[in-house]
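What follows draws every value from the coordinates through simple rules; no lab data is involved. These numbers were taken from a predicted model, which means no experiment stands behind them. Positions of Cβ are backbone-derived with ideal geometry, glycine not excepted, and every protein chain shown enters the neighbour counts.
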Amino acid sequence: MLTQIKFGTSGWRAVMAEEFTFANVRRAVAGIARYVAAYKPQGARVIVGRDARFLGETFCAMAAEIIAQHGITPLMVEEPAPTPALAYAVVHVNADGVINFTASHNPPEYNGIKFSTPDGCPALPEVTKKMEAEIAASDASSAPAARSGGSGAKKQSIDVKSSYLKRLSEVVDLSAICKAKVKVCFDPMWGAARGYSDGILRGQGVDVATVHDYRDVLFGGHAPEPADHRLQDLRDKMKATGAHIGIATDGDADRFGIVDADGTFLQPNYVIALLFDYLVETRGWKNGVAKSVATTNLINAIAKARNVELHETPVGFKYIGELIMRDKIAIGGEESAGLSIRHHVPEKDGILAGLLCCEMVARRAKPLGEQLKSLCNQVGSYYPQRENFRLTPEVKAKFTEKLRFDPREFCGHEVGEVVRTDGLKLVFADGSWVCYRLSGTEPVVRVYSEARSQQGLEKLSSAAKQWIFE
């Protein structure tokens with residue numbers, strides 16, 4: 001029985017040698033090739049890239065051969081490349097898509113395929129459904145895959161690094177970082193951003209130290225996720241070098257992690273809020289801000305204080321990417337450590353996030369913690385949190401039914417507003433809220449909570465868990 005290959009907005013991901021096999025990769029790539037060839041029968045060009053995972057080179061070579069057999073010219077990226085760099089390249093060279101072998105921040109046993117459309121966006125559902133249909137049609141046919149273009153299109157090599165770094169130098173004030181003598185530590189987590197964040201800073205004379213600056217397909221034995229508990233080596237390096245800021249990226253560099261001068265990890269919620277306030281202050285951009293429904297209401301408060309239109313989207317960066325392409329927002333972000341800005345790629349960019357934080361420290365001449373304290377003194381304090389709870393089949397069935405109804409009461413508190421932008425979000429009179437989202441791939445419910453004090457958050461978190469299992 002064939003494995004069903006389904007593409008989400010983050011692509012298709014699976015464990016290698018289980019579902020992510022050579023046979024299934026061939027099926028997936030052939031489906032993508034048939035989709036591209038259908039809307040552009042002649043002269044199509046597709047970028048083929050990868051992160052630093054095991055067998056990435058082999059998968060890229062395989063993909064190049066398959067799409068060439070469909071008359072599509074493979075534009076090969078020879079070295080591991082960040083997802084945002086590939087997203088920028090597809091627009092910059094006017095290509096017809098990107099096949100990117102990456103599993104992002106997932107553990108090392110995973111790999112995946114992500115397809116980006118010619119506008120640099122992750123493939124939207126209307127695209128992925130067509131690709132899945134092409135895979136199914138090919139599976140159902142006993143005939144070999146149709147070839148167009150004779151013996152196949154000839155592959156070409158493409159450099160995505162130089163043009164992407166040039167673009168970053170246009171949107172980030174690198175000279176300010178150098179002038180302020182900001183010392184930076186960078187952790188690429190053995191991934192695709194090696195030589196990117198540190199390379200562009202060193203090119204401007206900035207003092208940069210690195211950790212995990214070599215390829216390790218096992219990512220140190222854990223997921224390449226720039227979360228608080230993964231960044232101790234970065235903290236140690238910061239202490240040893242006297243760094244003012246630590247920046248990190250995940251395996252494909254679309255997510256970020258930020259550590260303050262004193263070793264404190266800044267929640268992505270707070271980083272997005274700080275950068276929003278900073279961009280309005282320094283760029284004068286007031287065209288809008290976007291955040292997912294699960295992201296801090298500190299952004300709401302800043303938008304109100306700055307008189308900026310707020311867009312609250314479902315979870316999934318594609319919604320924010322669309323607003324960036326329409327120039328409706330100055331910045332958009334999600335609590336899961338993804339953001340991008342105006343006039344940049346409609347894709348998460350962890351490299352950009354880290355560089356902008358360095359610029360913010362340089363120009364404001366204050367550690368990020370002090371900046372956050374000052375901001376909260378102006379608009380109020382917000383304490384966000386995310387938790388995951390595994391559910392038994394019985395509990396999941398009961399809770400799924402429970403989510404269908406709009407509750408008027410929640411653990412003794414009156415519900416002031418019910419929001420169904422994505423999942424179930426309950427907003428209370430004091431401005432605190434809780435949001436439930438069931439995972440589509442595992443028996444897990446994701447719970448996002450936010451209160452106006454730490455004590456309030458602890459009570460809300462306890463109530464949020466109680467409501468699941470009561």
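Ordering 357, 185, 60 by the number of other Cβ atoms within 10 Å of each residue's own Cβ, fewest first, gives 60, 357, 185. Look at the Cα gyration tensor of the chain: its axes a ≥ b ≥ c give a/c of at least 1.5 with a/b at or below b/c, and that counts as oblate. Each of 422, 349 has some number of other Cβ atoms within 10 Å of its Cβ, and from fewest to most they run 422, 349.
Taking a ≥ b ≥ c as the square roots of the Cα gyration tensor eigenvalues, the stretch 12-161 comes out rounded, since a/c falls below 1.5. For the pair residue 418 and residue 392 in one chain, pulling the backbone fully straight at 0.36 nm per residue adds 6.7 nm over the alpha carbon distance. Helices in the chain, meaning DSSP H runs of at least 4 residues, each add -39500 (n - 2.57). Divided by all residues, the mean residue ellipticity at 222 nm is -11500 deg cm²/dmol. For the chain, the share of DSSP beta bridges that are antiparallel, to the nearest 5, is 65%.
Shown is the FRET efficiency for residue 236 and residue 215, computed with R0 = 25 Å from the Cβ-Cβ distance and rounded to the nearest 0.05: 0.70.
Across the options 59, 72, 467, the greatest Cα extent toward the positive end of the charge dipole of the chain (unit charges at beta carbon of Lys, Arg, Asp, Glu) belongs to 72. Spin-label model, residue 468/residue 286: points 7 Å from Cα along the beta carbon direction are separated by 4.2 nm.
Going from the fewest other Cβ atoms within 10 Å to the most, the residues 20, 186 appear in the order 20, 186. Between the residues 234, 160, 407, the greatest Cα displacement towards the positive end of the dipole of the chain, with unit charges on the Cβ of Lys, Arg, Asp and Glu, is found for 160. Evaluated with a Cβ-only charge set (Lys, Arg +1; Asp, Glu -1), the stretch 12-161 carries a dipole of roughly 360 debye about its Cα centre, given to the nearest 20. Placing +1 on the Cβ of every Lys and Arg and -1 on the Cβ of every Asp and Glu, with nothing else charged, gives the stretch 183-379 a dipole about its Cα centre of roughly 560 debye. Simple rule: put +1 on each Lys or Arg Cβ and -1 on each Asp or Glu Cβ in the chain, find the dipole, and look at 389, 221, 300; the Cα lying farthest toward the positive end is 300.
Calculated FRET efficiency, residue 133 to residue 23, Cβ-Cβ distance, R0 = 25 Å: about 0.85 to the nearest 0.05.
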